[in-house]
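A short worksheet on the structure shown next.
The values are calculated or read from the model by the stated rules, or taken from the named source; none is laboratory data. Keep in mind the model is a prediction, meaning the values are calculated, not measured. Positions of Cβ are backbone-derived with ideal geometry, glycine not excepted, and every protein chain shown enters the neighbour counts. Note: areas computed on protein heavy atoms with side chains; ligands, DNA, RNA excluded. Shrake-Rupley method; radii C 1.70, N 1.55, O 1.52, S 1.80 Å.
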Amino acid sequence: LLVGESFAHGTGVRTVQSWAEIADRSAANLDIVNLAVSGYSMAQAYLRYQSVADRLNSDGVLLAFAPTVDLWRDVNVMRDLGEPWGLRSVMPRFVPEGDGLRLVPSPYANGDEFRHENGNGLSPRLEDHLQRYDRFYFSLEHRRVAGLDTLVTYKIFVAAYGRYARGAVRRKQLHSGSEAWEVSRRLFRRLQHEIAQRGKKFIVLVLPTISDLRRLHDDSSFRATWRNMVSYACDRMSRCIDVGSPLADVPPEIIDVSVDGNHYGARMNERIAREVVAVLGRT
């Protein structure tokens, strides 16, 4: 069972062109059921697995993790606050508690309830939830200030502040020991334990984004940063695969892009599939 987000789902290419589907076809002893969903966090990937664990028989679970784009989602509950996705709903997330994690569900039972309460701006209940659990919520961007909020200069200032603050939060979450890393790594360990209890295998696949792969080719300092991120993600994992380092020498001009401009095209999906099949064979 493959769980994860868009880089596991194969967003931007046809299903038959996704690396998971190519890997499935190319290895006779491999049968991948792709349960990844675009936009998911590691928390949602974990909950996705839990929802099917008792209904689908498998030999194990592959969790695809792209740290430079996934980490921020584990400290975010409303995606529009992190990036302008046009997705106005509240996601579940986990928060560290003691040595474990506590699930924080959405305060809304469904989308209709969310829209009814927040149709004219953020409700007090939602603001309180975001203040507690979304590191991309900055009240300055959402609260009206009499005498200022109609001024163009004030709007420009607020927009600039929001861009700067979000960028600072995203950069902070990439550092070892950040809240996002703590949540993600605890989720990995919880998944590993639960899957081992079922007598199954668990493997973490650390995937690079297009930007990561280009930087791995051109920037030796980023190669060191990448190795550190992989090491941190793989800490205490029985099986963990770095997909980025073996592809670091792929020339940037060879890296094709999908129709959405943010994900790999068919050619790079083939390269990733070959690498995954090779390392799975060794694992």
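Odds and ends about this structure:
- Test: residue in the range 166-177 that is of a type in the set (S, T, Y), touching a residue at least 40 places away in the same chain (Cβ under 8 Å), open to solvent by 70 Å² or more (accessible area, probe 1.4 Å) and assigned to a loop (DSSP other than H, G, I, E, B): yes
- Every listed requirement among (1) open to solvent by 50 Å² or more (accessible area, probe 1.4 Å); (2) part of a helix (DSSP H, G or I) is met by F7 save one, (1).
- Unmet requirement for G281, which otherwise passes all of (1) in a helix (DSSP H, G or I); (2) closer than 22 Å to V61 by Cβ; (3) without any contact (Cβ under 8 Å) to a residue 40 or more places away in the chain: (3)
- Subset of the range 216-239 (residues that are open to solvent by less than 30 Å² (accessible area, probe 1.4 Å) and among the aromatic types (F, W, Y)): F222, W226
- Residue check for Q192: closer than 30 Å to H9 by Cβ, of a type in the set (S, T, N, Q) and touching a strand residue (DSSP E or B) at 6+ places or on another chain (Cβ under 6 Å): yes
- Single residue of the range 24-43 satisfying the filter (open to solvent by 30 Å² or more (accessible area, probe 1.4 Å) and of a type in the set (V, I, T)) that is farthest from the chain's Cα centre (by Cα): V33
- Among the residues making up the range 248-273, a single one is open to solvent by 10 Å² or more (accessible area, probe 1.4 Å), aliphatic (A, V, I, L, M) and without any contact (Cβ under 8 Å) to a residue 40 or more places away in the chain: I254.
- For the range 222-260, the tally of residues that are charged (D, E, K, R) and either at pLDDT below 95 or in contact with a strand residue (DSSP E or B) (Cβ under 6 Å, 6 or more places away or on another chain) (or both) stands at 5.
- Options E117, E127, E21, E83: the member that is of a type outside the set (S, T, N, Q), under 24 Å from L205 (Cβ atoms), modelled with pLDDT of 95 or more and surrounded by 13 or more Cβ atoms within 10 Å (Cβ to Cβ): E21
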